[in-house]
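The structure appears right after this line, and notes come after that.
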Amino acid sequence: MTTRIDARFAALKKEGRAALVTFTVAGDPDYATALAILKALPKAGADVIELGMPFTDPMADGPAIQAAGLRALKAGQNMHKTFTAVHEFRGGDDATPIVLMGYYNPIYIYGVDKFLADAKAAGVDGLIVVDLPPEEDLELCLPAIKAGLNFIRLATPTTNDKRLPTVLKNTSGFVYYVSITGITGAAAPDTGKVAEAVARIKRHTKLPVCVGFGVRTAGHARAIAQSADGVVVGSALVEAVRQSLGADAKATSATMPAVTDLVRKLAAGVRGAQRVFMQP
Amino acid sequence: MQSQIDGSVSLTLLSGVKRELRLRRGREKESRMTVQQLNSFRTGPDEHGHFGIYGGRFVAETLMPLILELESAYAQAKADPAFTKEMDGYLTHYVGRPSPLYFAERLTAHCGGAKIYLKREELNHTGAHKVNNVLGQILLAQRMGKKRIIAETGAGMHGVATATLCARFGLECIVYMGSVDVERQKANVFRMNMLGAKVVPVESGSKTLKDAMNEALRDWVTNVESTFYCIGTIAGPHPYPMMVRDFQSIIGRETREQLQAAEGRLPDSLIACIGGGSNAMGLFHPFLDERGIEIYGVEAAGHGLDTGMHAASIAGGRPGVLHGNRTYLLMNEDGQINEAHSISAGLDYPGIGPEHAWLNDVGRITFLSATDDEALNAFQLLSKLEGIIPALEPAHAIAKVLELAPGKPKDHLMVVNLSGRGDKDLDSVARHLEGRVR
């Protein structure tokens, strides 16, 4: 049986275009607004949804996503509410893949077996856990595969050819190529280098390769989508949430449109790359 | 149920998964058995960096290749007599080792029980035990060709030690320090600047040691090719807990020789304060297999364990994963990390080294805790009795000596690690004592 992730990438391949993968943080700036954003993402052009599980100490994230996580935690977000949001989303959308992304401690404390069962039941398709390299596969990766969830691994500029097979071994769904050595929301990647890296990873795997970290604008997205199977945008969306907040740091009527407008522009960028991509 | 993985048939993968999960269950069972049948407490970690269930390598993929490179570079250095010789030379002539093992006669008389020795790590160059480890790591960084050194610091002693050795070897040095700590340890910030290091105040989270470590890890992820991360305690991803312990173990090895010379025998008890736990492990590790020796680690109880305002991970935490390792952590029911509290910036961390976590579980180390007030009292008492102003960190250990020593016989030999000197704490102690001292 293929997962929603496999089905979505297969369909996009037929369309001949890359995926727009969006990242927002569950519960940011509050549960209800975050859920409304989540539900609006597919229509605005998100092909795959990454939903951040907030954590107090996100060691691979830049200031934008750190702040988003703290906003969500302050508003009372927890793992249970994240699953509830996914479940509510699934009530209206059974096709768009949802990938939970975060750090291991909240999962470990929730309980690995319970986490996997609840994630599966809520309609989660895959997991990205930043601080679980292949060396720690026994923790969550292998149990997740057994539970029928895709475990999506990050490959980075430091993952050389010798190490790539180790990284790819238990990876499924797609490979997330981190375009820079750095934290989320840092400098924009060099698209030429990204294309080389994607080609290098593709020599080792048939899985789709999505590229993220530092992608902010429709222009970046278009350029990356020429060579990658998907473009991940996170910090820019999370920053749009922040800029829309009122003086009391609460959501305003501008919050949801701020995110969906940017997603629409990014989607146009990704789809605009189709023509370039299709030409020899 | 499986998606297709990289074109291979999913069934093969699934059976592989089942086999590996069986292996894991086996390993956990084995680990429980080992606890009962341990021949030695000194053989850890295993090749994956585990001390029982603790330790490991929970880091972003960007760092993983470098961590493997570091592991291999350290293994080579450890086996190279030239590395040991170089270290020994600097330890003698630059750090000033061996540090004295000093019989604290008046403290002993005051307590009226155990014969108390102080291991004088505060007399090392830079004023604390931190330099032992930094020297090792900087020499290793040199071997690895890294020219840019980053470090996190709490009280500033690790930062000062790192800045010092970077000055000595002409390396660029960036120290991350929580802005709260920058404020309460101004003297050390000035020292680091004087030594040519750049101190970066960290404004995120609780603005203390935990956040400084987050920020250092973020720097490392960004500058991974050029940069060596000099971690100050026996925490972080493997091989750091093992490597830092090895560098600090000179404290215990010297103590063993010095006490043999002074008393003709081994100690009866050892005691040290524990934040991450490097000074404690440095003293304890060479003695772990002498099972008759009582070993006490003293955590910071802040305002009191029942107030929630403390930094005692063993007493008030539970196992979780942070900063590259599994260990006891202070956190809420959702696995979100709590802010630690201690009067001592060096103990103000919501975790503890993984080897301590394991030694707690197997019952080899007894963990105690001392409050801010107990540490302040001990700070003043040692100053007046022995003419030695301790740092607030080892003042926590002294506080428990005052409780333990009176109950011991007069021939009981107790060694306390006096891990740092108190100059850096004078301003903040003065503030705390305002209105209390005549």
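The values are calculated or read from the model by the stated rules, or taken from the named source; none is laboratory data. All values reported here derive from a predicted model rather than from experimental measurement. Cβ atoms come from the backbone with ideal geometry, glycine included; neighbour counts cover every protein chain shown.
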Would you please name the residue that is nearest to residue B:137 (Cα to Cα), looking only at residues in the range B:175-198 that are of a type in the set (A, V, I, L, M) and in contact with a helix residue (DSSP H, G or I) (Cβ under 7 Å, 6 or more places away or on another chain)? B:175
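Restricting attention to the range A:219-233, does a residue exist that is among the polar types (S, T, N, Q) and under 17 Å from the mean Cα position of the chain (by Cα)?
Looking through the range A:219-233, none of the residues is among the polar types (S, T, N, Q) and under 17 Å from the mean Cα position of the chain (by Cα).
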Where residues in the range B:181-200 are crowded, with 19+ Cβ neighbours inside 10 Å and among the β-branched types (Val, Ile, Thr), which of them is farthest from the other protein chains (Cβ to nearest Cβ)? B:189
Sort out which residues of the range B:295-312 are surrounded by 24 or more Cβ atoms within 10 Å (Cβ to Cβ) and either touching a residue at least 40 places away in the same chain (Cβ under 8 Å) or among the acidic types (Asp, Glu) (or both), and write them in order of number. B:297, B:298, B:299, B:300, B:301, B:302, B:310, B:312
Considering the range A:26-47 alone, what residues qualify as being touching a strand residue (DSSP E or B) at 6+ places or on another chain (Cβ under 6 Å) and within 14 Å of chain B (Cβ to nearest Cβ)? A:26
The correct count of residues that are part of a helix (DSSP H, G or I), touching a Gly at 6+ places or on another chain (Cβ under 7 Å) and among the small types (Gly, Ala, Ser) in the range B:397-438 is 2
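Here's the yes/no breakdown for (1) hydroxyl-bearing (Ser, Thr, Tyr); (2) within 20 Å of residue A:51 (Cα to Cα):
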site: A:130; (1), (2): no, yes
site: A:136; (1), (2): no, no
site: A:153; (1), (2): no, yes
site: A:156; (1), (2): yes, no
site: A:172; (1), (2): yes, yes
site: A:189; (1), (2): no, no
site: A:195; (1), (2): no, no
site: A:199; (1), (2): no, no
Say whether the condition of being closer than 19 Å to residue A:240 by Cα, of a type outside the set (Ser, Thr, Tyr) and at pLDDT 95 or above is met by at least one residue in the range A:76-95. no
If I go through the range B:261-290 residue by residue, how many of them are in contact (Cβ under 8 Å) with a residue 24 or more places away in the chain and either basic (Lys, Arg) or in a loop (DSSP other than H, G, I, E, B) (or both)? 11
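Going by the structure shown, is residue B:41 modelled with pLDDT of 95 or more and assigned to a loop (DSSP other than H, G, I, E, B)?
Here the answer is yes, as residue B:41 does meet what is asked.
Confirm whether residue B:165 is touching a helix residue (DSSP H, G or I) at 6+ places or on another chain (Cβ under 6 Å) and more than 14 Å from every other protein chain (Cβ to nearest Cβ).
yes
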All but one of (1) closer than 29 Å to residue A:182 by Cα; (2) without any contact (Cβ under 8 Å) to a residue 40 or more places away in the chain hold for residue A:51, so report the exception by its number. (2)
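Matching residues to (1) free of Cβ contacts under 8 Å to residues at least 12 places away in the same chain; (2) touching a Ser or Thr at 6+ places or on another chain (Cβ under 8 Å); (3) part of a helix (DSSP H, G or I); (4) within 30 Å of residue B:322 (Cβ to Cβ):
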{"residue": "A:9", "(1), (2), (3), (4)": "no, no, yes, no"}
{"residue": "A:14", "(1), (2), (3), (4)": "yes, no, yes, no"}
{"residue": "A:21", "(1), (2), (3), (4)": "no, no, no, yes"}
{"residue": "A:42", "(1), (2), (3), (4)": "no, yes, yes, no"}
{"residue": "A:64", "(1), (2), (3), (4)": "no, yes, yes, yes"}
{"residue": "A:107", "(1), (2), (3), (4)": "no, no, yes, yes"}
For the range B:46-105, name all the residues that are aliphatic (A, V, I, L, M) and more than 10 Å from every other protein chain (Cβ to nearest Cβ). B:53, B:70, B:73, B:75, B:77, B:79, B:82, B:87, B:91, B:95, B:101, B:104
Are any residues in the range A:94-119 more than 8 Å from every other protein chain (Cβ to nearest Cβ) and over 17 Å from the mean Cα position of the chain (by Cα), and if so, which ones? A:94, A:111, A:112, A:113, A:114, A:115, A:116, A:117, A:118
Is it fair to say residue B:157 is buried (at least 24 other Cβ atoms within 10 Å of the Cβ), of a type in the set (A, V, I, L, M, F, W, C), more than 14 Å from every other protein chain (Cβ to nearest Cβ) and free of Cβ contacts under 8 Å to residues at least 40 places away in the same chain? no
Residues of the range B:201-259 satisfying the condition of being modelled with pLDDT under 95, assigned to a helix (DSSP H, G or I) and basic (Lys, Arg): B:210, B:218
Taking residue A:60 as the residue in question, decide whether it is at pLDDT below 95 and facing chain B (nearest Cβ under 9 Å). yes
Considering the range B:201-227 alone, what residues qualify as being surrounded by fewer than 24 Cβ atoms within 10 Å (Cβ to Cβ) and in contact with a helix residue (DSSP H, G or I) (Cβ under 7 Å, 6 or more places away or on another chain)? B:201, B:203, B:204, B:205, B:207, B:224, B:227
Quick check, is residue A:79 more than 9 Å from chain B (Cβ to nearest Cβ), touching a Pro at 6+ places or on another chain (Cβ under 8 Å) and not acidic (Asp, Glu)? no
What is the residue count in the range A:44-62 for residues that are β-branched (Val, Ile, Thr) and either in contact with a Cys (Cβ under 7 Å, 6 or more places away or on another chain) or part of a loop (DSSP other than H, G, I, E, B) (or both)? 1
Among A:89, A:55, A:83, which is under 23 Å from residue A:110 (Cβ atoms), buried (at least 24 other Cβ atoms within 10 Å of the Cβ), in contact with a helix residue (DSSP H, G or I) (Cβ under 8 Å, 6 or more places away or on another chain) and aromatic (Phe, Trp, Tyr)? A:55
